[in-house]
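A short worksheet on the structure shown next.
The values are calculated or read from the model by the stated rules, or taken from the named source; none is laboratory data. A quick note: this is a predicted structure, and the numbers were derived from the prediction, not measured. Backbone-built Cβ (ideal geometry, glycine too); neighbour counts: all protein chains shown. Surface areas here come from the heavy atoms of the whole protein model, side chains and all, with no ligands, DNA or RNA. Shrake-Rupley method; radii C 1.70, N 1.55, O 1.52, S 1.80 Å.
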Amino acid sequence: MKKKRMILISCIAGGCLLLGVLGFVIVKYIAPELVLTLNGSDEYVEVFADYTDKGANAYYGAPMTPHIPVDVTKEGTVDTKRPGEYVIEYKSHYKKFTASVRRKVVVVDTIAPVITCDLTELTLCYGQPYEAVCSAYDNYDGDISSHIQQTLTEDSLILSVTDSSGNEAKRVIPVKFVEDNEAPRITLLGEKDYFVDLAKGYTEPGFQAVDNCDGDLTDKVKVTGLPESGKTGVYTVTYTVSDAAGHEATAERTVMVFSKLPDSSREEEPSAPTVYLTFDDGPCAYTSELLDILKEYNVKATFFVTDQFPSYRDMIGRAHNEGHAIAIHTLTHDFSIYRSTASYFEDLYAMQEIVKEQTGSYTDLVRFPGGSSNTVSARYCEGIMSTLTRMVEEQGYHYFDWNVASNDTGTTDPDVIYQNVTSGIAGKNHAVVLMHDLKPASIASVERVIQYARANGYRFDSLCATTSPVHHPVQN
Ligand code: ZN
């Protein structure tokens with residue numbers, strides 16, 4: 001009885017097992033289902049790199065049955081321009097079945113920034129603060145120069161920078177430390193010969209001081225020797241500065257304080273050193289501008305006039321009315337006038353009439369074309385200058401040469417003319433300066449010449465019959 005029951009239980013259990021196995025086989029190999037599979041797996045992508053999604057595949061079926069392809073939809077995107085974690089979800093459904101899978105895509109920045117510096121090595125003074133000018137560029141963050149950290153050790157300058165993803169770049173620049181053995185350098189701004197109008201007063205044109213170790217020392221410069229207020233004159237302004245190591249530097253500037261108005265005490269004292277500006281060969285297109293300058297400074301000059309540019313004859317009248325002396329140079333300025341005394345005086349008298357027409361009177365002042373020492377006249381007539389210098393005086397004329405040559409016929413540089421005239425004036429008590437109103441460079445230099453003379457204590461005057469003459473040795 002007991003044995004029979006055992007057999008029955010075994011049969012039921014065996015049947016159940018068989019049914020179970022059969023069910024498993026049906027479900028696993030024969031019963032269809034929705035299968036969704038990821039192509040590839042999770043991914044790491046470098047920032048800015050190209051990324052192509054590999055997608056996913058879905059089918060409905062079982063291993064032992066035909067597979068029916070099923071559409072897959074995708075949600076989520078990857079922005080390779082921004083580092084971070086992205087999730088893409090794939091979904092599909094078929095009849096009552098649904099399935100989903102996910103892919104994680106991590107966009108990373110693993111590239112370190114690059115530090116760019118013009119430095120390969122450095123020499124610094126002990127204690128000198130130093131900051132290198134370098135730039136840092138990162139493939140993702142762009143310009144991160146302002147994030148550069150600089151550390152000065154006892155033998156190197158360490159530059160480092162980290163990008164937003166934590167990638168670090170580093171540069172080590174070897175440093176040699178030395179003692180400061182150089183004086184600072186002072187640079188004067190503005191002109192070294194500095195002209196100051198007394199009425200306006202002194203304004204510092206500026207300076208800069210730089211030391212190899214201490215850097216900018218401009219604020220520490222001491223300025224001495226400034227002009228006394230209310231006085232014309234020539235002053236030496238001195239600039240002094242010292243560096244931390246005790247080296248001193250100095251620079252000097254010559255300051256010439258001039259007055260646009262003549263110093264009345266000096267004007268009344270004819271024995272004071274006097275400059276006679278004389279202008280030959282005009283009047284011409286530039287004479288008007290020259291007269292304006294002379295008027296502004298109340299300087300009286302002498303014009304040795306010609307008739308080379310007849311349309312400017314009225315400038316003779318203007319110059320006369322403004323207090324300048326009018327003197328005869330020549331009508332034509334043609335050296336062939338030296339072929340005879342007659343042709344010389346014919347030219348002279350014709351010019352004299354123009355002078356009278358413009359000023360109302362004749363003049364008794366003369367300057368020979370080429371000066372009394374000219375040798376060009378010998379080509380036309382041997383010995384003519386000896387005769388003419390005597391004859392003009394017999395006729396009551398006073399002839400003037402010059403003792404300061406501007407050489408304005410040999411240059412177009414106003415600075416050169418200024419140098420020629422001022423160096424010629426220096427030390428003379430009685431300077432007769434030859435210039436030409438026909439030369440624009442002379443007009444351009446004349447204001448500075450006046451300023452120089454005024455600052456150096458000269459007075460100006462025009463020539464007249466009683467001015468002690470300046471004569472060259474006659475050579476023909
Ligand atoms: Zn001339």
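Overview of results
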{"item": "Accessible-area composition of region 367-476, carbon plus sulfur, in percent [1.4 Å probe]", "result": "48 percent"}
{"item": "Largest-first ellipsoid semi-axes for region 199-315, taking √(5λ) over the Cα gyration tensor eigenvalues, angstrom", "result": "45, 19, 11"}
{"item": "Accessible area of the chain divided out per residue, in Å², using a probe of 1.4 angstrom", "result": "54 Å²"}
{"item": "Partner aspartates and glutamates for residue 222 [C-alpha distance under 13 Å; skip if fewer than 8 residues away on the same chain]", "result": "204, 243, 248, 252"}
{"item": "Candidate lysines for bridging to residue 91, where Cα separation is under 17 Å - those fewer than 8 sequence places away on the same chain excluded", "result": "54, 74, 104"}
{"item": "Fraction of beta bridges assigned by DSSP in the chain that are antiparallel (%, nearest 5)", "result": "65 percent"}
{"item": "Region 195-286: relative contact order as a whole-number percent, Cα under 8 Å and 6+ apart", "result": "26 percent"}
{"item": "Carbon + sulfur, % of accessible area of region 73-140 - ligands and nucleic acids excluded, 1.4 Å", "result": "51 percent"}
{"item": "Taking the chain and dividing mean pair separation by its residue count, relative contact order in percent (alpha carbons under 8 Å, at least six apart)", "result": "11 percent"}
{"item": "Debye equation applied to the C-alpha atoms of region 181-235, log10 I(q)/I(0) at 0.14, 0.24, 0.25 Å⁻¹", "result": "-0.48, -0.98, -1.03"}
{"item": "When each of 200/300; 3/28; 231/428 is checked by Cα-Cα distance, pairs over 31 Å", "result": "3/28"}
{"item": "Degrees separating the helix 414-425 axis from the principal Cα axis of the chain, which is the longest one", "result": "40 degrees"}
{"item": "Relative frequency of Cα-Cα separations exceeding 14 Å in region 363-431, percent", "result": "68 percent"}
{"item": "Over region 347-422, relative contact order from alpha-carbon pairs under 8 Å, at least 6 apart, %", "result": "24 percent"}
{"item": "Separation in nanometres of the label points that stand 7 Å from Cα toward Cβ, at residue 322 and residue 73", "result": "9.7 nm"}
{"item": "Projected label distance in nm at residue 244 and residue 102, using a 7 Å step from Cα toward the beta-carbon", "result": "6.1 nm"}
{"item": "28 Å tail of the calculated P(r), region 267-425, as % of Cα pairs", "result": "22 percent"}
{"item": "Separation between Cα centres of region 84-160 and region 199-238, rounded to whole Å", "result": "50 Å"}
{"item": "Degrees separating the helix 287-296 axis from the principal Cα axis of the chain, which is the longest one", "result": "90 degrees"}
{"item": "Aspartates and glutamates with Cα under 12 Å of residue 260, excluding same-chain neighbours fewer than 8 positions away", "result": "197, 296, 447"}
{"item": "Solvent-accessible area, 1.4 Å probe, carbon plus sulfur percent, for region 194-236", "result": "50 percent"}
{"item": "Order by protection proxy (mean Cβ within 10 Å, highest first), peptides 179-187, 6-14, 337-345, 72-80", "result": "337-345, 179-187, 72-80, 6-14"}
{"item": "Extension gain (nm, one decimal) between residue 236 and residue 292, 0.36 nm per residue minus Cα-Cα", "result": "17.1 nm"}
{"item": "Span from the region 305-350 Cα centroid across to the region 18-58 one, whole angstrom", "result": "116 Å"}
{"item": "Debye intensity ratio in log₁₀ form over the Cα atoms of region 20-59, taken at each q of 0.17, 0.20, 0.28 Å⁻¹", "result": "-0.63, -0.73, -0.94"}
{"item": "Cα-based Rg / Dmax (Å) for the chain", "result": "50.7, 185"}
{"item": "Extension gain, residue 57 back to residue 93 (0.36 nm per residue minus Cα-Cα distance, nm)", "result": "11.8 nm"}
{"item": "Computed label-point distance, nm, for sites residue 121 and residue 25 using a 7 Å Cα→Cβ extension", "result": "8.7 nm"}
{"item": "Unmatched cysteines, the chain - criterion: no other Cβ of a Cys under 4.7 angstrom", "result": "11, 16, 284, 381, 464"}
{"item": "Cα Rg, Dmax, region 1-103, angstrom units", "result": "23.3, 83"}
{"item": "Tail beyond 14 Å, pair distance distribution of region 152-193 (Cα, percent)", "result": "70 percent"}
